[in-house]
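I have placed the structure first, in the form of structure tokens, so that the comments after it can refer back to it.
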Amino acid sequence: MNFIEGYMNGDAWEDLCVQCYRIRYQHVHYTAIPATQKGDAGIEGYTFDGVVHQCYCPEREYSDKDLYEHFRDKMTTDLEKLVAPKHVSSYAARLRGMGVPPIREWHFNIPEYRDNRILTHAETKRQEVLAAKAAAPQNYEHIHENFVIVIKQAT
């Protein structure tokens, strides 16, 4: 992250990520979702081919263990929005209403990670999402059958 000078707060990190996605995914019509009018639905933006992304920047310097726990908790909270049984139909309808296609890739944009347990956690969450879809496919049309979670880091 040598191109970033000084401390970057969560808003600045999100702005940077959105700009990068806008450039990288312009060929598949990247669309940013402003966090207004009931929030951003747990994603910062999406592409027409099923890539969505969520940004998270730690508020301060953490130990490796604490950083992992913050990442884990953020990932769990945001992915829960995809599969929470009591909210899934309204969430899926909201995504469809914004034009979000079935989610094929869920990107977690973080500055860095220093503990590989976040990779294991991402795979566990991916399996949970796919299991929910398999159990009730009619409720999870917003999830692609080949759903994956990708950890994207700047460093």
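The values are calculated or read from the model by the stated rules, or taken from the named source; none is laboratory data. Values in this document were obtained by computation on a predicted structure and should not be read as measured data. Here the Cβ positions follow ideal geometry from the backbone for every residue, glycine too, while neighbour counts run over all protein chains shown. Side chains are part of the model used for accessible areas, which takes the heavy atoms of the whole protein and leaves out ligands, DNA and RNA. Shrake-Rupley method; radii C 1.70, N 1.55, O 1.52, S 1.80 Å.
When only residues in the range 136-149 that are open to solvent by 30 Å² or more (accessible area, probe 1.4 Å) and not in a helix (DSSP H, G or I) count, which is nearest to ASN9 (Cα to Cα)?
VAL148
Which number in (1) under 14 Å from the mean Cα position of the chain (by Cα); (2) part of a loop (DSSP other than H, G, I, E, B); (3) modelled with pLDDT of 95 or more marks the one condition that PRO101 misses?
(1)
When you scan the range 126-135, how many residues do you find that are within 25 Å of PHE71 (Cα to Cα) and either surrounded by fewer than 16 Cβ atoms within 10 Å (Cβ to Cβ) or out of contact with any Phe, Trp or Tyr (no Cβ under 8 Å at 6 or more places or on another chain) (or both)?
Of the residues in the range 126-135, 3 are within 25 Å of PHE71 (Cα to Cα) and either surrounded by fewer than 16 Cβ atoms within 10 Å (Cβ to Cβ) or out of contact with any Phe, Trp or Tyr (no Cβ under 8 Å at 6 or more places or on another chain) (or both).
Specify which of the listed residues (LYS152, LYS86) is of a type in the set (D, E, K, R) and either outside any strand (DSSP E or B) or over 21 Å from GLU44 (Cα atoms) (or both).
LYS86
Check whether at least one residue in the range 86-107 is closer than 16 Å to ILE151 by Cα, buried (at least 18 other Cβ atoms within 10 Å of the Cβ), of a type outside the set (S, T, N, Q) and in contact with a helix residue (DSSP H, G or I) (Cβ under 6 Å, 6 or more places away or on another chain), and report yes or no.
No.
Six or more apart or on different chains, Cβ atoms under 7 Å: show the pairs whose first residue is in the range 48-64 and at positive phi and whose second is open to solvent by 20 Å² or more (accessible area, probe 1.4 Å) and part of a loop (DSSP other than H, G, I, E, B).
Within 7 Å, the pairs are GLY50/PRO101; GLY50/PRO102.
Please go through the range 110-135 and pick out each residue that is of a type in the set (S, T, N, Q) and in a helix (DSSP H, G or I).
THR120, THR124, GLN127
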